[in-house]
Amino acid sequence: GVLEGRAGSGTYVAEPRQRVRVVRSAAREQPDGSPFRADMKAVGRQGDWESRTDAKVPAPTEIAARLGIAEGDPCVRTAYEFLADSRPVQLSTSWEPYDLTAGTLVVLPEGGPHAGAGVVNRMAEIGITVSHAVEQPEPRQATAEEASLLGIQKAALVTHIRRTYYSDQGRPVETADIVVPAAHCEIVYEIPINR
């Protein structure tokens, strides 16, 4: 992260970047807004994102297993690029079973009256209570595409988080692959203690 290459130009000393704190917490869900924007506001940053949604995408094997559906079943896939002060800090690809939201106002995570409200709030709009999420973080090297989108070197260290939200009935309602660059972000888990 100290040097950056510019295609056709050479290698330069990179502009120093302070690492952004990314909090993973049950308290992240906001009643009227984006959890990511709330996280960024808490650390004095302007949070925003860009996204692209495709409906009726056949579920690949691993995604189908995580969602408890058959391989090839239609899903709504949304690819996100999360920004802090207009700089990329996180990527995420979200998958929701199409049969769960088809024909509702929340079928597109970033479209309609509940755009950008987050999985928990959107599911509540169609009568589904999300009770918990499971996250599996693991370190790995960035792919060429991830490195390009995040503005990091190819093969730089990232944390890959496989997250799945579950309804109170135990059904997986969304799963996502979240990629956070180690050089730009620190991941902090906040764990509530019930007494």
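The values are calculated or read from the model by the stated rules, or taken from the named source; none is laboratory data. All figures in this text were calculated on a predicted structure; none of them were measured in a lab. As a convention, Cβ positions derive from the backbone with ideal geometry for all residues, glycine included, and neighbour counts pool all protein chains shown.
Miscellaneous remarks
- Matching entry among 28, 19 (being at pLDDT below 90 and in contact with a strand residue (DSSP E or B) (Cβ under 6 Å, 6 or more places away or on another chain)): 19
- Filter result for residue 79 (within 19 Å of the chain's Cα centre (by Cα) and crowded, with 20+ Cβ neighbours inside 10 Å): no
- Flag for residue 170 being over 24 Å from residue 62 (Cα atoms) and in contact with a strand residue (DSSP E or B) (Cβ under 9 Å, 6 or more places away or on another chain): no
- Residues satisfying the stated conditions in segment 58-73, i.e. surrounded by 13 or more Cβ atoms within 10 Å (Cβ to Cβ) and either among the polar types (S, T, N, Q) or within 18 Å of residue 122 (Cβ to Cβ) (or both): 67
- Selection from segment 43-57 of residues that are hydrophobic (A, V, I, L, M, F, W, C) and either closer than 15 Å to residue 94 by Cα or exposed (fewer than 12 other Cβ atoms within 10 Å of the Cβ) (or both): 49, 55, 57
- Pick from segment 82-120, criterion under 12 Å from residue 176 (Cβ atoms) and in contact (Cβ under 8 Å) with a residue 60 or more places away in the chain, ranking: farthest from the chain's Cα centre (by Cα): 96
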